[in-house]
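Participant: Take a look at this one; I'll ask things after.
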Amino acid sequence: MRYTLTFFLVIATALSFAQSFYQLENIDIPDDGTSIMFEMNVSGLPTTIDGDFGLESVCFNINHTWDSDIDVLLIAPDGSSFVLVSGVGWAAVNFENTCFNSFADVFISDGIGPFTGEWKPIGDMGAVNNGQNPNGIWKLYVYDTWAFADAGFMIDWSITFKYFKCYPTDEKSIGHWISLSFSRRYHGGLFPN
């Protein structure tokens, strides 16, 4: 009985493991037709993110006077990516403690700003849980699509990895299609590295 209980405690501890990484930015988002890339160094994780352990959530705080101007994309160390937000919220103001995970009840595109709490992203979060090594530089790409109009400010962002997170999907998923459309729309198919 003692060994069985110990075994279950070890398994429960391993499955509840989560590690978050936080980055304070406090910087203006360019409003001149250019984008900005925020980088975060991730280390100390298992060497593979896939169907067992991987990216679980992405959170950020952005002040902006017209939410639908903002496009945000997460780029993994291997270059795989997905769109968090693009053209959502119309004239709403700010993303306050906005978190994305695949298990949220509502897609952010169906929400009304200001965006607070948990949302499903526009793209497929599971696309980065593709067997890559998560240790390295993760990038949050932010683009104000309406130059010389409303201004924005990036406060902070975080990413969390854990067991029982979003699963990888195949390349025919809608999220992959949206990510490809996003890249072609803004950068001729190439993201800055």
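Participant: Restricting to the range 100-135, what's the tally of residues that are within 16 Å of VAL72 (Cα to Cα) and surrounded by fewer than 18 Cβ atoms within 10 Å (Cβ to Cβ)?
Facilitator: Residues flagged as within 16 Å of VAL72 (Cα to Cα) and surrounded by fewer than 18 Cβ atoms within 10 Å (Cβ to Cβ) within the range 100-135 amount to 5.
Participant: Something else: Consider only pairs whose beta carbons are under 8 Å apart and that are at least six residues apart or on different chains; among these, list those whose first residue lies in the range 63-84 and is in contact (Cβ under 8 Å) with a residue 24 or more places away in the chain and whose second residue is basic (Lys, Arg).
Facilitator: Filtered contacts from the range 63-84: LEU74/LYS139; ILE75/LYS139.
Participant: Also, I was wondering about something else. Right, TYR167: at pLDDT below 95 and either more than 15 Å from GLU56 (Cβ to Cβ) or in contact with a helix residue (DSSP H, G or I) (Cβ under 7 Å, 6 or more places away or on another chain) (or both) or not?
Facilitator: It is true that TYR167 is at pLDDT below 95 and either more than 15 Å from GLU56 (Cβ to Cβ) or in contact with a helix residue (DSSP H, G or I) (Cβ under 7 Å, 6 or more places away or on another chain) (or both).
Participant: Additional query: How about the range 69-91: which of its residues are open to solvent by 20 Å² or more (accessible area, probe 1.4 Å) and outside any strand (DSSP E or B)?
Facilitator: Within the range 69-91, PRO77, ASP78, GLY79, SER80, GLY87, TRP90, ALA91 qualify.
Participant: Whether any residue in the range 94-102 is touching a His at 6+ places or on another chain (Cβ under 9 Å) and outside any strand (DSSP E or B) is what I want to check.
Facilitator: Yes, the range 94-102 contains at least one residue that is touching a His at 6+ places or on another chain (Cβ under 9 Å) and outside any strand (DSSP E or B).
Participant: Applying the selection to the range 136-145, what residues are β-branched (Val, Ile, Thr) and open to solvent by less than 30 Å² (accessible area, probe 1.4 Å)?
Facilitator: Correct list: VAL142 only.
Participant: Filter the range 151-160 for residues that are of a type outside the set (Ser, Thr, Tyr) and not in a loop (DSSP other than H, G, I, E, B); which is most open to solvent (accessible area, probe 1.4 Å)?
Facilitator: So the residue we want is PHE153.
Participant: Further question: Exactly one of (1) farther than 22 Å from GLY152 by Cα; (2) out of contact with any strand residue (DSSP E or B) (no Cβ under 8 Å at 6 or more places or on another chain); (3) crowded, with 17+ Cβ neighbours inside 10 Å is unmet by THR47. Its number?
Facilitator: Here THR47 meets the rest and fails (3).
Participant: A further question on this structure: PHE148 fails exactly one of the following numbered conditions: (1) open to solvent by 50 Å² or more (accessible area, probe 1.4 Å); (2) in contact with a Pro (Cβ under 7 Å, 6 or more places away or on another chain). What is the number of that condition?
Facilitator: (2)
Participant: Looking at (1) surrounded by 20 or more Cβ atoms within 10 Å (Cβ to Cβ); (2) among the aromatic types (Phe, Trp, Tyr); (3) under 24 Å from ASP50 (Cα atoms), which is the only condition TYR163 fails?
Facilitator: Every listed condition holds for TYR163 apart from (1).
The values are calculated or read from the model by the stated rules, or taken from the named source; none is laboratory data. Treat the numbers as computed from the prediction; the structure is a model and nothing was measured. When we count neighbours, we look across all protein chains shown, and the Cβ atoms used for this are built from the backbone with ideal geometry, even at glycine. Remember, those area values only see protein heavy atoms, side chains included, never the ligands or the DNA or RNA. Shrake-Rupley method; radii C 1.70, N 1.55, O 1.52, S 1.80 Å.
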